[in-house]
Each structure stands twice: as C-alpha cells, then as structure tokens.
Amino acid sequence: MQPQPVRPISEAALAYSVKDLAVDVTTKAGPKRLIDRLDFTVRKGEILSIIGTSGAGKTTLLRVLGGLIPATKDSEVLADGRPIQGPPDRVLMVFQDYASSLLPWRTIRRNVALGLETRYRGGDLQDRVDAALDLVGLRKRADEYPWRLSGGMQQRVQIARALAMEPQVLLMDEPFGALDAITKTSLQDELLRVQEQTGATIIFITHDVEEAVYLGDRVLALGGIPGRIVDVFDVDLPRPRHQIHTKEMPEFLRLRHQAYESVVEAELRLRSEQ
Ligand SMILES: Nc1ncnc2c1ncn2[C@@H]1O[C@H](COP(=O)(O)OP(=O)(O)O)[C@@H](O)[C@H]1O
Ligand SMILES: [Mg+2]
C-alpha cells in the first residue's frame, strides 16, 4: 500500500471557520460588545463542547453560528466554506427549553414531522419520522402527546425532530441542563450513538465541565466580558465512551480538572476586572 501523504485540514473538511468574531448590540446605555476576537475552526463530524460561566457569550456565539444574529462587519464566519447570511442549510439548533418547543396539540409523531411536511409526503414522510424516532428509542410512544411524557422524553422528541431533518450540524444550547442526572447521562450516550451513526457535527454548550469532557473531541472555554476564548484543548479519550470506565480514566480526571480550572480562572479574572 502506498503511504498516504500527511495533509493539513483542508477548508472542505471544516464545518465552521471563525476568524476575529465579535458581536455588538445596542443597549439603552449605548453599544455593548458581547463576544470579542474569537478564532477557531470546527471539523466536520467533530463534537466541540463549549463551556464558560454564565454571561460569557455562549448562547450569543451559538446564535451567530446558527445564522440567527449577525456578527460585526470585520468578523469572518464561514459555514461549510461560505459566509453566513441567515440560517445555513442543514444546520439545526436544539435548545434547553424543550417544553415550549413542542406543540401540545400534535402527537409525538406529528411533532417530529413538523419540519418535514413541506418537503415530504405520505409513506416517505412516515419513514423518515419513524427512522428518527428509532434513533432516540421513541417509536413505541409515537402516537402519544408530548405533555404525557417526562422532561427527558420531551427532550428526546426535540432531538428526534432535529435528526429527522438530517442535519449536518447540530447546535445544542445546554440541551440537558434541566434534566435529572440519570436522564442526562442516558441522553448523553444516546447523542453519542446517534452522532456515531450519522456523522453529524455537534457544537454542544454546557456549564457542566464533566459533560463537556465526556462528550467532546475538543473543549473550548469562554470567559470574561466581553467573552473571549480562555482555553481550547483536545479530548483524547477512546470512543465509544462509557459512563463509568471513561470517567475513571486518569486522562478523564486530568481533562476535567483542566476544564474546571479554565472556567474558574475566567471567573476570577472577571471579578478582578469589575
Ligand atoms: N440582545 C442583547 N442585548 C444586550 N445584552 C445582551 C443581549 N444578548 C445577550 N446579552 C448579554 O450578553 C452577555 C452574554 O450573553 P449569553 O450569550 O446569553 O451568555 P451565556 O449563554 O454564556 O450565559 C450576557 O451578559 C447577556 O446579558
Ligand atoms: Mg446561554
């Protein structure tokens, strides 16, 4: 076999390329910069965890990547090689607030079908919905209404709805933040399994440093006002990950320590600046 030449990551392998990203808003007190000078890339198929104290600009960053709010003119933000102008194709957002994102008068099946009904009909639509429900283990509950389900199940429906649209990129803003510990860990594992099957790129915001390390291929920490990158590091832990074995590895503990320290340091720096 011919040896393969080592090549740098080509632009085509990047889901996002971000240079000098800043976001300004106007407030009653005048213009305010929310995040400043962010530089990073996200590889296709990667899980990037983003951590940071509350107010560091995590949600703001995600909304820029999702094309919901603009960055400053000098920022360069490319999604799949193209400048972002509105929500990019096949990029989907999943929020923490699952309860208000499901329609109570639609069954689970019809909630999942929501984004597909203009594109697909009949059997084709049903097949896609069933496949997404299978991915999150909810096919048997398909004809129930969302308000009859637990919080974890409702969040699963939201994830199934996103998956049904076959996204290349999932932008997740503290999606498991409001769930109990057991539900949270089982959804983490489901998300990893689905990512393995679909190859989707995932940008996952969390304030839980253990979750960030457990899920991620890399962790990016934001801190300060305006929010800046305070740390980025690789998570070189074997996959598939395991809630007990992975978390007992010395490397996991080392990375969790690093993640925790970067968030705490950012917070201390913030206090000294105030
Ligand atoms: N539209 C806005 N106008 C003014 N301030 C905002 C606006 N959106 C967010 N902020 C402020 O910017 C900071 C970063 O917000 P956010 O991105 O939600 O942080 P995080 O998700 O990390 O908690 C916060 O202090 C927040 O109050
Ligand atoms: Mg937020």
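Data table
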| quantity | calculated |
| --- | --- |
| Rough spin-label spacing in nm, given labels placed 7 Å along Cα→Cβ, for Arg139 and Thr41 | 3.9 |
| Length added when fully stretched, Glu76-Arg254, from 0.36 nm per residue minus Cα-Cα | 60.7 nm |
| Centroid-to-centroid separation of the stretch 149-224 and the stretch 47-61 [C-alpha atoms, Å] | 14 |
| Cβ-defined net charge surrounding Val169, 9 Å radius [Lys, Arg +1; Asp, Glu -1] | +1 |
| Arg148-Arg121 FRET efficiency (beta carbon distance; Förster radius 25 Å; 0.05 resolution) | 0.35 |
| Nearest 10 degrees, 0 to 90: helix 151-164 Cα axis against the chain principal axis | 90 |
| Cα gyration tensor shape of the stretch 199-268, rounded if a/c is under 1.5, else prolate or oblate by comparing a/b with b/c | oblate |
| Accessible-area value, Lys44, 1.4 Å probe, nucleic acids and ligands omitted, Å² | 100 |
| Subset of Lys44/Lys247; Lys32/Lys184; Lys19/Lys247; Lys58/Lys140; Lys44/Lys184; Lys58/Lys247 violating a 32 Å alpha-carbon distance limit | Lys32/Lys184; Lys19/Lys247; Lys58/Lys140 |
| Degrees, to the nearest 10: 181-198 long Cα axis against longest axis of the chain | 80 |
| Whole-number D in µm²/s for the chain (Stokes-Einstein; Kirkwood sum over Cα pairs; 4 °C, 1.567 mPa s) | 66 |
| The chain: relative contact order as a whole-number percent, Cα under 8 Å and 6+ apart | 24 |
| Fraction of the pair-distance distribution of the stretch 102-166 above 16 Å, Cα-Cα pairs, percent | 33 |
| Probe 1.4 Å, all protein chains present, accessible-area order of Arg110, Arg128, largest first | Arg110, Arg128 |
| Fully extended contour minus Cα-Cα distance, from Gln197 to Arg106, at 0.36 nm per residue | 30.0 nm |
| Residue-level accessible surface for Glu248, protein heavy atoms, 1.4 Å, Å² | 130 |
| Anisotropy class of the stretch 70-209 from Cα gyration tensor, a/c 1.5 cut | oblate |
| Segment Met165-Glu190, length gained on full extension (0.36 nm per residue, minus Cα span) | 7.2 nm |
| Whole-number accessible area per residue in Å² for the stretch 102-166, which is evaluated in the context of all protein chains at 1.4 Å | 50 |
| Using alpha-carbon coordinates, inclination of helix 250-273 to the longest axis of the chain, degrees | 60 |
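The values are calculated or read from the model by the stated rules, or taken from the named source; none is laboratory data. Please read these numbers as outputs of a predicted model, since none were measured by experiment. Don't worry about glycine lacking a Cβ; one is built from the backbone with ideal geometry, like all the others, and counts go over all protein chains shown. For the accessible areas, the whole protein counts, side chains as well, though only heavy atoms, and no ligand, DNA or RNA atoms are used. Shrake-Rupley method; radii C 1.70, N 1.55, O 1.52, S 1.80 Å.
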